[in-house]
Amino acid sequence: MADDLRATLDHVGDRFNLGEYEIDAYLAVLEHGELTASEIADRTEIPQPRVYDTVRSLADRGLVELRESRPMKIVAVDPDDAFDELRSSFTEMVDELEARYTAPTRETEAVSLVKSRSTILRYLEEVITGAEYELAVSLTPDLLRRFREELKRKVENGVSVELLVTPASRAPDPEEFDYLDVATIARARRGITTPVLAVGDGEYSVYATQDALRDDRERYGVIFNRSALGFLVSGFFGTVLWTTAETIASNGKARPFPRRYASIRRAVKDVREFDGERFYATVEGRDIETGQAVTVRGRVVDVAFEDTEEVASLVVETDDGPVEIGGRVAALEDVEGQVIVIGRDEPPEI
């Protein structure tokens, strides 16, 4: 079976191993049905001396027929006939490969570097579809359209979605594109320097340059699988990218409470949006002095926030007195908040 599979792979690889000249010539003949060598040279950028070798290679693969005449004519073979054997071989090969496939475990490595565009897109989709309560994404307009349905489902399921579209000059017109279908709040940022990224629930994240998504082999995408590292991407998104972008659409009040957060920044912004209303919080985190795990429950009595988003904290009144909650790697507050749930009438359950 292994030898059969290897032979099938070799066969498929040989049939598809077409060079640039072969592809150009094949498409030209396919479009016109029949051409001479000189006509192929006229319609493509293939040098005249290379045309004969090129069409003979296509003939060897069964994609064209060579009719010996003066001048020689190159005739296209019906693709349904040309690829019939290959189609069945390909189907069998995929079935065999699927049977051998072992799905990789995502949690094995904290950081992974990827170069393939398809791999970066796959991880972007995983982060977006896997987010349960909080999602931050920076997407090009093309990627926004690609993941539109996935983002829409997240919003419908009550997930907080912060969407950054870049470059702003190519962002869909808000008069024609309903951003609130796909985001809780959407902003646009100038320039092609803005990276593509996604952070789900403050833990699993993907970061890539726009160049990497154009198949630039010198560029990488980075996958972060642990919350401490995902926080770095989330912090970069919030303090560097988000604060230098212009708001397109916003409707943060529409989501129901209780709301769950991985980011103190988003929790504080939501509380501030309902200025003067009473909120309660339940926070799981750790004491910044001892490192001990703690759970804080009580009414939110104060918040601190700067427009640069570098400072964000909230104060919870507990039975033992007020406790100041900070975000990841907090140093000035009492507790590093890792999971924050904000509710209306009483401290919510986590």
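Structure values in brief
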| quantity | calculated |
| --- | --- |
| Accessible area of Val111 in the full protein assembly, 1.4 Å probe (Å², nearest 10) | 70 Å² |
| Accessible area expressed per residue, the stretch 106-186, with surrounding protein chains retained (probe 1.4 Å, Å²) | 47 Å² |
| Accessible-area ranking of Leu35, Leu18, Leu180, largest first, probe 1.4 Å | Leu180, Leu18, Leu35 |
| Phe224, Phe90, Phe177, reordered so the largest accessible area comes first (probe 1.4 Å) | Phe90, Phe224, Phe177 |
| Theoretical gain in end-to-end length, Asp95 to Thr290 [0.36 nm per residue, Cα-Cα removed] | 64.7 nm |
| Accessible area (Å², per residue) of the stretch 269-329, counting only protein heavy atoms and a probe of 1.4 Å | 58 Å² |
| Other-chain or far-sequence residues with amide H under 5 Å of Thr318's (modelled H) | Val323 |
| Lysine pairs within the chain, Cα separation less than 26 Å, 8 or more sequence positions apart or different chains | 5 |
| Linear extension gain, Arg170 paired with Val311, 0.36 nm per residue minus alpha-carbon span | 47.6 nm |
| Tail beyond 13 Å, pair distance distribution of the stretch 114-159 (Cα, percent) | 56 percent |
| The stretch 217-313: C-alpha pair distances exceeding 20 Å, % | 51 percent |
| Sulfur and carbon atoms: percent of accessible area, the chain [1.4 Å] | 44 percent |
| Backbone HN-Hα couplings from phi across the stretch 281-289 [Karplus 6.51/-1.76/1.60, Hz, Gly and Pro as x] | 9, 10, 10, 9, x, 9, 5, 6, 8 |
| Relative contact order, percent, the chain [alpha-carbon distance under 8 Å, six or more residues apart] | 12 percent |
| Most to least accessible of Tyr133, Tyr207, Tyr220, Tyr179 (protein chains only, probe 1.4 Å) | Tyr220, Tyr207, Tyr133, Tyr179 |
| 10 Å binning of all Cα-Cα separations within the chain, expressed as whole percents from 0 upward | 5, 20, 22, 18, 14, 10, 7, 4, 1, 0 |
| Volume per residue of the C-alpha convex hull in the stretch 259-350, rounded to whole Å³ | 85 Å³ |
| Per-residue HN-Hα couplings for the stretch 142-157 [Karplus 6.51, -1.76, 1.60; θ = phi - 60°; Hz; x = Gly/Pro] | 5, 5, 4, 5, 5, 9, 4, 5, 5, 5, 4, 5, 5, 4, 4, 8 |
| Using θ = phi - 60° and Karplus 6.51 cos²θ - 1.76 cosθ + 1.60, couplings along the stretch 128-135 (whole Hz; Gly, Pro as x) | 5, 6, x, 5, 9, 9, 8, 9 |
| Cα lying deepest toward the dipole's positive end in the stretch 249-350, options Val329, Phe257, Gly343, charges on Cβ | Phe257 |
| Using distinct alpha-carbon pairs, which all enter the 1/r mean, Kirkwood radius of the stretch 31-148 in Å | 19.5 Å |
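The values are calculated or read from the model by the stated rules, or taken from the named source; none is laboratory data. Keep in mind that this is a model prediction, so the values were computed, not measured. Cβ sites come from the backbone with ideal geometry, for glycine too, and all protein chains shown count toward neighbours. Note: accessible area is taken over every heavy atom of the protein model, side chains too, but ligands, DNA and RNA are not part of it. Shrake-Rupley method; radii C 1.70, N 1.55, O 1.52, S 1.80 Å.
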